[in-house]
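The structure under discussion appears below in the form of structure tokens.
The values are calculated or read from the model by the stated rules, or taken from the named source; none is laboratory data. Please read all numbers here as calculations on a predicted model, not as lab measurements. Quick reminder, even Gly has a Cβ in these numbers, built from the backbone with ideal geometry, and neighbours come from all protein chains shown. To get the accessible areas, we keep the full protein, side chains included, count just its heavy atoms, and leave off ligands, DNA and RNA. Shrake-Rupley method; radii C 1.70, N 1.55, O 1.52, S 1.80 Å.
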Amino acid sequence: MKIGALEAGGTKMVCAVGDETGKFTDRVSIPTESPEITMPKLIEYFKSRDVEALGIGCFGPIDLNRKSETYGYILKTTKLKWIDFDFLGTMKKELDIPMGFDTDVNGSVLGEVTFGQAKGLDTVVYITIGTGVGAGVYINGRLLHGAAHPEAGHILMIRHPKDTYEGWCPYHGICLEGMASGSAMKDRWGRPASELTDNDLAWEIEADYLAQAITAFIYTYAPQKIIIGGGVMHSPGLFERIHSEVLKKDNHYASVKELDDIKNYIVLPSLNDDQGIMGALALGYEAAKESR
Ligand code: ZN
């Protein structure tokens, strides 16, 4: 089956064509400008390739409530030109095919569950630590939605005793994104995360906040695997710190037995940074199956 996949990001739109086995035959990257400039390019791409279904993993926040009048809209995003834009409706007007639509991080967790290391598992958390922080949750064999999509990237933190930083998030200050995102690290230390390898305290603090979040996710979802992606995670030694900090914070409380093998429990993504676009492919295939 010929399936279109769109990973809609704030800086670029990755468009691809593939099939249900996860094989791609074509891929392009289009810069994200305004909806007026960018949307026609996306539509033209998928129209010209005769895809039979389309999956979209989109930056957020977005409206995922199918009963809502603004289902498929981008909501109050920091990308101002896209606020209140009917993303899904605009695609549907031009392409009469089944479409799956979800958050980018839900796309990534679905990609790992469908094609990657989490294949066969039914409860998995995917966290991305980039300029912002987001989390996608796959629980009991399906993507987690609620009254709106959850905002696990903004759970509140307990301040690290050596940290005086006020926090990057304009809404909360001291939340996960506010304290541990790449933007927060750069703002706190005056240098991007990639240039902080000599700053031991920076990584002690970073691991502490990430471990707080991960412990909260273990207690709330009891996932079988936790995958953490995003630029910040490539820092040497960070995973080791997170592993030991999670075990310390948990203090042998959680009954999740996977914690005994923590190196295979809290892990990097497995799809060479293709988890997002592969997740979009999976969203497209699910939509096609659903429409039959
Ligand atoms: Zn926040």
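Just to make sure I understand: if all protein chains stay in place, what is the order of His234, His172, His160 by accessible area at 1.4 Å, largest first? Intermediate values should be presented prior to the final figure.
Values: His234 120, His172 85, His160 15 Å².
The most accessible residue leads, giving His234, His172, His160.
Taking every alpha-carbon pair under 8 Å whose residues sit at least 6 apart, the chain reaches a relative contact order of 23 percent.
Express in whole angstrom the spacing between the alpha-carbon centres of segment 126-152 and segment 18-80. A separation of 18 Å, based on Cα centres.
Per residue, the chain exposes 47 Å² of solvent-accessible protein surface, assessed with a 1.4 angstrom probe and all protein chains in place.
At a temperature of 20 °C and a viscosity of 1.002 mPa s, determine how fast the chain diffuses translationally according to Stokes-Einstein, using the Kirkwood radius over alpha-carbon pairs as Rh; express D in µm²/s, rounded to the nearest whole number. All intermediate terms of the calculation are to be shown ahead of the outcome.
Details: Rh = 19.5 Å.
Once the numbers are plugged in, D ends up at 110 µm²/s.
Spin-label model, Ile158/Ser291: points 7 Å from Cα along the beta carbon direction are separated by 5.0 nm.
Charging the Cβ of each Asp and Glu at -1 and of each Lys and Arg at +1, and nothing else, the dipole of segment 1-118 about its Cα centre rounds to 160 debye.
Sparse packing (at most 10 other Cβ atoms within 10 Å of the Cβ) combined with a DSSP loop state is found for the following GluC sites (Glu not before Pro) in segment 2-71: Glu69. Candidate cross-link partners of Lys162 among the aspartates and glutamates, defined by an alpha-carbon separation under 19 Å and a same-chain spacing of 8 or more, comprise Glu177, Asp187, Asp198, Asp200, Glu204, Glu206, Asp208, Glu245. So which lysines can Lys225 reach, going by Cα to Cα under 21 Å and dropping same-chain residues fewer than 8 places off? Cα-Cα hits under 21 Å: Lys119, Lys248, Lys249, Lys257, Lys263. Within the same chain, lysines fewer than 8 places from Lys93 are excluded, and of the rest, those with a Cα less than 16 Å from its Cα are Lys41, Lys47. What the Cβ-Cβ distance of Arg27 and Trp189 gives, at R0 = 41 Å and to the nearest 0.05, is a FRET efficiency of 0.70.
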